[in-house]
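Here's the structure, in structure tokens; my notes come after.
The values are calculated or read from the model by the stated rules, or taken from the named source; none is laboratory data. All values derive from a computational prediction rather than experimental measurement. Positions of Cβ are backbone-derived with ideal geometry, glycine not excepted, and every protein chain shown enters the neighbour counts.
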Amino acid sequence: MPAITMRQAISDALWEEMERDEKVFIMGEEVGVWGGTYAVTKGFYDHFGEKRVRDAPIAEAVIVGAGIGAALVGLRPISELMTINFAFVAMDHIVNEAPKLHAMFGGQMKVPLVIRAVSGGGRQLGATHSQTPDAIFAHFPGLTVIAPGTPADAKGLLKSAIRSDNPVLFIENALLYQARGEVPEGEHLVPIGESKVQREGSDVTLVSYSSMLQTSLKAAEQLEKEGISVEVVDLRCLRPLDMGPVVESFKKTNRAVIAEEGWGSYGVGSEVATRLYEEAFDYVDAPIKRVNQQEVPLPYNRALEHSALPQLADVVAAVKEVL
Amino acid sequence: MTLKKKEHLELYRQMVLIRRIEQRAAELYQEGLIGGFLHLYIGQEAVSTGIVSLRKPVDRVITAYRDHGVAINCGISAKEVMAELLGKATGISKGRGGSMHMADVSKNYWGGHAIVGAHLPLAAGMALGDQYNGNDGVTICMFGDGATNIGFFHEAVNLSKVWDLPVLWICENNQYGMGTTVKRASAVEQMRQKAEGYNIPNARCEDGMDILKVREAVEPALEHVRSGKGPFFLEIMTYRFEGHSMGDPERYREKDEVQTWEKTDPIGVYNRYLVKQEIATKANLDKVETDAEAEVVEAIEFAIESPEPALDTLHDYTYVEAA
């Protein structure tokens, strides 16, 4: 299997699905002539043309809302939000329209829409452009929220998302675009809603997703050298949330740390910890720990930003605390 | 387009049927059989009846939350409307939508949307779908004067012109956004001036209480869009005789004003026209009214006797199940 970057894996998934199905098209800010602000759709405009790679005005509500409308009438749109921070101006369409229409009209309507958005901090973009608000979106029944942490999962899950008849928010992480990993050649689909053990271990269950998956894998490697065996479980999807592999792992290790890039309050870690207490209370040998971003609007200053974001050392320390 | 007697009587029938449904719905609401919000279309019947009478089956219709009338015009039965109002399994949205969310996709009627202005981006997307697929349908999107002040309106209307989408924007100007007059909410007096700002051809029908004048205004507007010239914006002046919704104390307008407008009751206007022009006899029209009354009585019986949705179907339609 060739090792490719996350950027390439996402780009390949889009390209392959557009080649496979003419109903698939992309719209968003700078997706066409520019080639995507993160270069994910570089070359698409020339190959697929302006009908299928549509540069939209900077107007996120209609980028998502028109995506919903086109999906309702049978197309498979991919609405690209340059970053997830811009999702807030399209919030009604993401959480109050797309996930509601199928249920609200008694099953008459379907919204096979994918919304792509880049999440995460660490690039000195300041408080409004650096957030990891993934958990907010996972709150809404009817929406599917995917946040892969490896190139293989990114490719396989994005292809599944495009083929899904449900609205999907597909969250990418800018710092992961350069991450490399092996991706199976040929048709590669990953089912939506399945967590995965990315590294086996026996002492502590370390749960994470997206950018913190990579950090968690590094932490596990480092801890192994100190004789601590860490099992890393990757959620991959925040909704539907598959607790199966997490609970199974926890029953083996009896200790858990959840690492996510976003704020801790009301977050993914809170959800996973609660479910572990609910589903495996008898197996708890130590209080479950969360590793998160400090609860401040993320500062611009490099050192301040670094100190606010969860780092490798924080994950390592948390694992040692639960032992 | 000149109408035959039969066609006139059909339009009159629809208007009367809507009026009777709304009047009986108000009673059922007071009796506690209808829950939630209930926005009555009384006074505005000529608008939707005139508009929908000119659409072809390929033309999509989408509207806001004052939607019972449009539902009837699009061919949903009085029974299905009443059952939905009562939240029954036999309702057009299976009791999951209620007053504000009625749709019948099989009749190309796409609802019934309750967030002010949020369906405009959806309409743009549906029109994009038809343009993308080379279909010749027009998306007819109706909304109130209040919706022209929200961002969704501007994003959707702008995009429709930028992409030359086959959409007919119809603003039903009933002169109040809830209890706030147009003057107190809009910087411009005529809503069509906003379309002017986006370089979209537009017109204003000054008398939306006269169905024939509504049709005269809609016909060229629809033709404009159908001929591939891009979007058109039509403002239709009208008035609602009842409050914004049930329980509205109506402190914002004088009784005299309502009474003055009631003299132009669209059903009375049409009735007098049909008799004066000797298109129909008073007896003909009386029969239409008696029949409509009977239909509504039957619809209420049907709704009352219909089963509630089974509680074990609660989770149905949250997601589209994979095939």
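Here is a yes/no grid of residues against (1) under 23 Å from A:VAL232 (Cβ atoms); (2) modelled with pLDDT under 95; (3) crowded, with 21+ Cβ neighbours inside 10 Å; (4) outside the structural domain of A:ARG76 (by TED's automatic domain parsing):
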| site | (1), (2), (3), (4) |
| --- | --- |
| A:ALA117 | no, no, yes, no |
| A:ALA127 | no, no, no, no |
| A:ILE136 | no, no, no, no |
| A:ALA152 | yes, no, no, no |
| A:LEU158 | yes, no, yes, no |
| A:ARG163 | no, no, no, no |
| A:ASP203 | yes, no, no, yes |
| A:SER211 | yes, no, yes, yes |
| A:LYS218 | yes, no, no, yes |
Query raised in the report: If you check A:LYS42, A:LYS100, A:LYS23, A:LYS51, which single one turns out to be of a type in the set (D, E, K, R), in contact with a Ser or Thr (Cβ under 8 Å, 6 or more places away or on another chain) and either within 12 Å of another protein chain (Cβ to nearest Cβ) or without any contact (Cβ under 8 Å) to a residue 40 or more places away in the chain (or both)?
Result: A:LYS42
Requested in this report: Please enumerate the residues belonging to the stretch B:149-171 that are more than 22 Å from B:ARG55 (Cβ to Cβ) and either more than 13 Å from every other protein chain (Cβ to nearest Cβ) or modelled with pLDDT under 95 (or both).
Outcome: B:ASN149
Requested in this report: Identify, from the list B:GLU10, B:GLU84, the residue that is at negative phi and surrounded by fewer than 24 Cβ atoms within 10 Å (Cβ to Cβ).
Outcome: B:GLU10
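So which of A:LEU101, A:LEU75 is within 14 Å of B:HIS113 (Cβ to Cβ) and either buried (at least 24 other Cβ atoms within 10 Å of the Cβ) or not hydroxyl-bearing (Ser, Thr, Tyr) (or both)?
Answer to the selection: A:LEU101.
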Report task. Considering only the stretch A:286-315, state which residues are out of contact with any Lys or Arg (no Cβ under 6 Å at 6 or more places or on another chain) and closer than 24 Å to A:VAL247 by Cβ. Result -> A:PRO287, A:ILE288, A:LYS289, A:ARG290, A:VAL291, A:ASN292, A:PRO310, A:VAL315
Requested in this report: Considering (1) over 30 Å from A:ASP165 (Cβ atoms); (2) modelled with pLDDT of 95 or more; (3) not hydrophobic (A, V, I, L, M, F, W, C), say which one B:TYR239 fails and leave the rest.
Outcome: (2)
Query raised in the report: If only one of A:ARG163, A:ARG123 is touching a residue at least 24 places away in the same chain (Cβ under 8 Å) and closer than 18 Å to A:PHE25 by Cβ, which one is it?
Result: A:ARG163
Query - Test: residue in the stretch B:14-24 that is within 14 Å of chain A (Cβ to nearest Cβ), assigned to a helix (DSSP H, G or I) and modelled with pLDDT of 95 or more - result: no
Query raised in the report: Mind checking whether some residue in the stretch B:59-70 is at the interface with chain A (Cβ under 10 Å from one of its Cβ atoms), touching a Leu at 6+ places or on another chain (Cβ under 9 Å) and free of Cβ contacts under 8 Å to residues at least 24 places away in the same chain?
Result: no
Requested in this report: Would you mention how many residues in the stretch B:265-306 are of a type in the set (S, T, N, Q) and in contact with a Leu (Cβ under 6 Å, 6 or more places away or on another chain)?
Outcome: 1
Report summary line: Quick count over the stretch B:116-140, residues being at the interface with chain A (Cβ under 10 Å from one of its Cβ atoms) and either within 26 Å of B:LYS79 (Cα to Cα) or of a type in the set (D, E, K, R) (or both), is 2
Query raised in the report: Pick from A:GLY121, A:GLY106: which is within 14 Å of chain B (Cβ to nearest Cβ), assigned to a loop (DSSP other than H, G, I, E, B), out of contact with any His (no Cβ under 6 Å at 6 or more places or on another chain) and at pLDDT 95 or above?
Result: A:GLY106
Query - Filter result (surrounded by fewer than 18 Cβ atoms within 10 Å (Cβ to Cβ) and more than 18 Å from the chain's Cα centre (by Cα)) within the stretch B:202-225 - result: B:ALA203, B:PRO220, B:GLU223
Report summary line: By my count, helices (runs of 4 or more DSSP H) wholly in the stretch B:116-214 with at least 1 residues that are within 14 Å of B:ALA64 (Cα to Cα), in contact (Cβ under 8 Å) with a residue 40 or more places away in the chain and aromatic (Phe, Trp, Tyr) are B:151-162
Query - Residue under evaluation B:VAL218, criteria (1) in contact (Cβ under 8 Å) with a residue 24 or more places away in the chain; (2) under 24 Å from B:VAL16 (Cα atoms); (3) not in a helix (DSSP H, G or I), criterion not met - result: (3)
Report summary line: Restricted to the stretch B:92-115 and to residues being in contact with a Pro (Cβ under 9 Å, 6 or more places away or on another chain) and either more than 7 Å from chain A (Cβ to nearest Cβ) or outside any loop (DSSP other than H, G, I, E, B) (or both), the residue surrounded by the fewest Cβ atoms within 10 Å (Cβ to Cβ) is B:LYS107
Query raised in the report: What number of residues within the stretch A:240-274 are more than 21 Å from A:VAL168 (Cβ to Cβ), assigned to a strand (DSSP E or B) and not aromatic (Phe, Trp, Tyr)?
Result: 4
Query raised in the report: Restricting the stretch B:28-50 to residues that are part of a helix (DSSP H, G or I) and hydroxyl-bearing (Ser, Thr, Tyr), which is surrounded by the fewest Cβ atoms within 10 Å (Cβ to Cβ)?
Result: B:TYR29
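Going through the stretch B:51-81 one residue at a time, which ones are small (Gly, Ala, Ser) and surrounded by fewer than 24 Cβ atoms within 10 Å (Cβ to Cβ)?
Taking the stretch B:51-81 first, the residues small (Gly, Ala, Ser) are B:53, B:64, B:69, B:71, B:75, B:77-78.
Residues satisfying the conditions are B:SER53, B:GLY75, B:SER77.
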**Report entry** Residues of the stretch A:57-67 classified as at the interface with chain B (Cβ under 7 Å from one of its Cβ atoms) and surrounded by fewer than 24 Cβ atoms within 10 Å (Cβ to Cβ), total
**Finding:** 2
